[in-house]
Structures are given as C-alpha cells and as structure tokens.
1. Going by the structure shown, is B:Asp252 under 24 Å from B:Ser164 (Cβ atoms), in contact (Cβ under 8 Å) with a residue 24 or more places away in the chain and within 14 Å of chain A (Cβ to nearest Cβ)?
2. Do you know which residues across segment A:203-252 are open to solvent by 50 Å² or more (accessible area, probe 1.4 Å) and either within 14 Å of chain B (Cβ to nearest Cβ) or not in a strand (DSSP E or B) (or both)?
3. Select from segment B:33-49 the residues that are more than 11 Å from chain A (Cβ to nearest Cβ) and touching a Gly at 6+ places or on another chain (Cβ under 6 Å) and write down the one among them that is surrounded by the most Cβ atoms within 10 Å (Cβ to Cβ).
4. Just need a number here: residues in segment A:75-90 that are in a helix (DSSP H, G or I) and either surrounded by fewer than 21 Cβ atoms within 10 Å (Cβ to Cβ) or more than 12 Å from chain B (Cβ to nearest Cβ) (or both).
5. When residues of segment A:153-177 are filtered for being among the charged types (D, E, K, R) and at pLDDT 90 or above, how many remain?
6. Quick one: is A:Ile61 at pLDDT 90 or above and either within 30 Å of B:Arg49 (Cα to Cα) or surrounded by 10 or more Cβ atoms within 10 Å (Cβ to Cβ) (or both)?
7. Being under 20 Å from B:Tyr343 (Cα atoms) and either hydrophobic (A, V, I, L, M, F, W, C) or outside any helix (DSSP H, G or I) (or both) is the requirement here; does B:Ser196 meet it?
8. Report whether or not A:Val93 is modelled with pLDDT of 80 or more, within 14 Å of chain B (Cβ to nearest Cβ) and either open to solvent by less than 50 Å² (accessible area, probe 1.4 Å) or in contact with a helix residue (DSSP H, G or I) (Cβ under 6 Å, 6 or more places away or on another chain) (or both).
Amino acid sequence: MKKNILRIVLCAVLCLVTYWSAFALTADEILDKIEAKRSINTTQKSIGKMTLTDEKGKQEIRDLVMYSVDDSENTQNRAFIFRFLSPAEVKNVTMLSLKDGEEIYLYMPAFKKVRRIAGSSKKEKFAGTNFSFGDFGGGYTKDDYESSLVSEDEQTYVLDLKPNDTDTDYSKLTMTVDKEKFYFKKIEFFDLEGNPWKVLDIQEVKEETDGSITIMKLTFTDLKDNTKSFLQMESVEKGVNLAKDFFSVRTIQRPQL
Amino acid sequence: MNATKSFLTVVLVLVLSSIALAADIYGEARGYTSYSFADGDLDYGTSLRLKYNPSLSDKYYLFADLTLKYQDENNFSPVRLNELYVQGIGAISEDIDFKIGYLHLTWGASDAFSPVDNVNPRPFNQSISGDVFDDKIPILGLDVEWYMNPTWSLEFVYQPEFRSNFTPDYVEKLLLGYQLAAAAKINPSPMDIQISKIEPDVSFTNPIWGLRARGKVGSVDAAFSFLKGYYLSAYPYNTDITTWDDGSSLADVEMGYPERSVLGMEFQGEIPGIAGVTFRADFALFMPQKWTNHITTHQPDGTTSFTMVDVFDELYWKVSVGADYTAGDKTYYNLIYMLGNPYEEGNNVSPYLFLRLEKPSPNDKWKPFLNSILSLEDGSMINIIGTDYKPKDNWLVSLSYSISSGAPTSKLGMTGDSISFSVKYVF
C-alpha cells in the first residue's frame, strides 16, 4: 500500500515538473509573443497629443499624426510616418522610418528638403522631445537583443535585454511584460555605464478584437535631464486604406497627410 | 529717420503678428544686429515672415510666404514675396505632383552650400551661416515631379522669366574695380564705374529649364540633374576705360549673363564600415558659354590699348563633400570639403574646408557652436563661435563672434571681426 502511494506521489511530481517545463516561457519566446501581439498585418492612423514637460515643470502640448504599417511576414516592410501638426515651431516636421527603422528620413519644411538620418544620428533627439530617432525606430525583437528572464510573478515577467548593435546609447534595457496580454508595461533604459537613464511607462492599452494591443497612453521620462514626454492617442484607426507607396519621401513633403 | 523707420517697422511687425495669430497664418518675427570691428559699422534689422498654406481641395493647396523686412542697408526689398504657388498632389495623375507660381527650389544633399542648388537667385549677404544659403529670390515657374516607380522620380523645372542675384551697386562696383584694375594694370581706387546690363532673352518659348532624377543607387540616396540656363550674376563683356593724368579713371562696363548648363550629382547615405557617419556629397559640372571681356583703355597720352580677358573659357567643377556624426555625448560634427563658394565661378573656384561643431546642453536649451571655414588656397580663415539659446520652445536667441585671419587681400581675411546678436520668435 505504502509503495503504491509513493508511486502515485512520484508520478504526480513528475507530471507537474513536465507540465511546468512544457509551459514555462523563455525570454525569447516572451519577446516573440509581444511581437505577435503587435505584428498584425495592418495599417494604422493615430491622432494624438504629446505633452512635453521640461526640467522646471513647464509644459508644451503638440498635436501629431502618425501612420504605420506592420508586416509580421517580413519586418523589413515595417514603416511609419510621424508628423507634428502644431505648434508653429515644429508644424509639419515629419519623420519617415522605413525597413523597421533601418532607414530614417527627416523633412523640415523650412529647409525644403529631405535629410537622411543615419547611424549615430539616430541618437539625436527628435524635434525637442526626449525620444531619440532610434527610440522611435522599431520593436524589441529577439533579433536585436540578447534576452534573459530575470524574474516573474503572478502578473509580470521581467526581462533583461542587451542590444546586439554595438553603436547604441544603451548598455541594457529592463522590460516588464504583462503576463496576460503580452505587452511591455515598462522599459527601463540604462546608459553605457550601467546607470538608469530613461523610463518608458505604458499607462493605457486597448486590446483589439483581433487580439492585438494598441498603446493609447505612454510616458517617456529622461531621468538625467528630468524631462518627460507624455503621448496620448485620441483616435486610432486600423486598416486604413493607404496608397501602395504611401510610406515614401514623396508623402512626407506633402502639406497635408 | 532711421529710428522712426525702425519704430514703424516694429509697430508693423507687432500689429501684423497679432493679425496672423488670429488667422491660420504662421511665421516668425526676428530682430538682429551685428557690429563690424574692422570698419566700425553697426548693422541691424527686423523682419516679419508670414506663411499661409490652406488646402483648396483634397488635391490642391495654396502656399504664400511673405517677408516684411527693415534693414539699415543692402536691403533687397522691404516687402519680399518669398513664395506664392498652387500645388497639386496627384491632381493631374496619381503619380504626378506639381507647383506653379513663385517658387523656391532646393536641390542638393549638402548641409552647407550646395553647388547643385542653382535654380533660385540669392540676395546679397556677407554672413556664412546656414540661414544665408536658404535666403533666396523666388523664380516664376513650374515644377513638376513624376514618380515613375517606388524608387525613382523625375522632376522638370520650367522657368519663362529670368531673375538675377541681388548685389548692391557699391559691392558690384568694388569687385569689378579690382578685376578691371588688375586686367588693365591701373589703380582701382580712383576709378569711376558706370555699368549697363543686358538680361538674357528668356521667355515662354525660350525658357530656363531643368531635369532631375531622384532615387536610390544601392542603399545610397542619389539624384542626377541637368539645368540649362544662365549665370545669375552679371559678367563684363565690353569695357571702355579712360584714364587721366591725375591717375583717376572712368570705366564704362557693359555686362551680361553668360549661358551655362550644369550637370549635377547628389548622394547621401551611410559610409560602409564606419558606423554612425552620414555622408552627403554634391558634384556640379559647369559648362559655360565662352565669355570674354574686351577691355579698351585710353591713356592720357592719347594712346589706346586693347586687352581680352577670358571670363569663362572651359568646363569646371564645383563640389561639396562632407560627413556628419553625432557622438554619444550629443556633440555634433560636420566636416565638409568645398570646391568653390557661392560667389566663385570659373577660374576663381578654390578649395575650402568647413567645420561645424555643436554641443547642446543636457536640456537642449543651450547649443554652443563653432563654424570654421578655411581657404585651402591661401590659408585665410573665418571662425565663428557662438551659442543658440531657447528660453522657450518658440523663442531662439543667438549670439556669435566672428574672427577672420589672413591677409586683407586673401579669400577670407577681408571679412574682419564682428559680433552678431539675433532674437527670433516663431508663431
């Protein structure tokens, strides 16, 4: 009888171990799941406001419009256009990102020409925000980062991401991932000396009917210069009918998008 | 009188600014001053720029850009129409955009002066700041761009009216005096110069025109252009100099605008193997009409001599090749090799090295900078050290000090030292 009980307990333990090892996720798998949540093949138009807060607490509000296209089959087809609509100082300053952030162009109406932004220029801040061109760039895929799972609790995973690109401002990113919906709730960026530098906080998301996650509110904080950019989307339209060559240098020179 | 004009201009700027704020008009108001230590000259001015860009329909847009400018001297015009055009986006055909009216067209990839950027004439300016290269006189024309495929587009420019650079009379006579005196071997100082100019016969049937193909060659953005037109500054072709016993002289100069064609190439991209550096390069091959200045000199003793000076007699290149890089500490470096500056043509084209350094403060409110330009021909140099300051996002204050070195007759030594201050408000 005792032998039978022992067999049952051993069997149960073995089953549990097998169960957990089968369902525990690696860091790369978590990144894949995040990508899957965002990589829905669709075009998107977002209209919103960005509130910039300087180190003295003064605020400036900018209206913006953003178009994006995702392609889960080929991330090289990912592109977006980001344009400020107001105030006058940045009116119609437009950024075009192609090939998942590999090629970036900036159109500044005052100069009447499109400027290619390459390499370390991606470290420059975009039009007075505390986003660099590179921060706008693309997602956080396992191809771009060496990832490891640091910890997890009932609601979140915490991952460490080390950039594969040697020409980067960051030594490490710490990403907190929502276990239920698989989106990153928070990313902490560390400088090359390992000091905390920037924090991206996702404050509100919308889960679409197809399961994809749309970010509605986020705050990007620069801890070194104590500035914040708060981005709030007022409307997000998916499946927008855009011309085949919409994501192009031609488009960003137009007076209206 | 000047004080009254300044006051009235300031009042006008304020009144129109408030009107502009009420309408869907945007722009900027600017005040600036500079002091030249070399000649003790104080220059100053104010300007108000107003822009209006409404949509006429979903495919047609109007763009109007007007500047009211008061400047103590060398003002091209107190009221400047910078641009006024109708723009069609996919209006004629899905793959064609166009602009028609008074236009500013900017060609070239270079951050500093681009030798390919030859469509618009320019007002006179002694500064070497980036803003100066964007200061242009509009042309009446048509600009059509056909997007042939996702990679390449073809632009056509049609200009049925000739407009020249604006050079103040005294500057033109000063430069001409030195050239003529050297050619005729006489003293330039007591020379009285009378200039008559003949503009080229440009019309609807005999237009200035250009073609430009833009696209990609590998991963490099490229453009190839051809511009058929005329030099935008006048050159002498007939000069009659009479000299007298006291050493003074009178020069009657007939000037014209030689024909020229310009073949241009523009490139911008990343340098393979050098991470983080963006290169921008413009090459322009100028093909001028043969142009000779026939100089007749009447000496006090009654003798007459004849000299012929070739102004343009062969092809020549103008080049701008540079690279820019932003370091981890946000210091921005831009180094450019230039063959020829905006005022040099033909045999006068000479090499320069241009360096721009910027080091923004952590909060981006301060941006100290250094602009250096070195003549590789004679070693003369201009260094401008200064800072931009943004007390608020729509305000920009700039202070700079310019130091020149080299012989007074050198390329850049004649500029002298000066200090400049400007305030700009964007609305």
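1. No, not satisfied.
2. If the condition is that a residue be open to solvent by 50 Å² or more (accessible area, probe 1.4 Å) and either within 14 Å of chain B (Cβ to nearest Cβ) or not in a strand (DSSP E or B) (or both), then A:Thr209, A:Asp210, A:Leu223, A:Lys224, A:Asn226, A:Lys228, A:Gly239, A:Asn241, A:Ala243, A:Lys244, A:Asp245 are the ones that fit.
3. So, considering only residues that are more than 11 Å from chain A (Cβ to nearest Cβ) and touching a Gly at 6+ places or on another chain (Cβ under 6 Å), the one surrounded by the most Cβ atoms within 10 Å (Cβ to Cβ) is B:Thr46.
4. Summing the residues that are in a helix (DSSP H, G or I) and either surrounded by fewer than 21 Cβ atoms within 10 Å (Cβ to Cβ) or more than 12 Å from chain B (Cβ to nearest Cβ) (or both) in segment A:75-90 gives 4.
5. Total satisfying the criteria: 5.
6. In short, yes.
7. Taking the combined requirement at face value, the residue does not satisfy it.
8. yes
The values are calculated or read from the model by the stated rules, or taken from the named source; none is laboratory data. In this text, all values refer to a predicted model and were calculated from it rather than measured experimentally. A quick note on method: Cβ atoms are made from the backbone with ideal geometry, for glycine too, and the neighbour counts reach across all protein chains shown. Heavy atoms of the whole protein, side chains included, go into the accessibility calculation; ligands, DNA and RNA do not. Shrake-Rupley method; radii C 1.70, N 1.55, O 1.52, S 1.80 Å.
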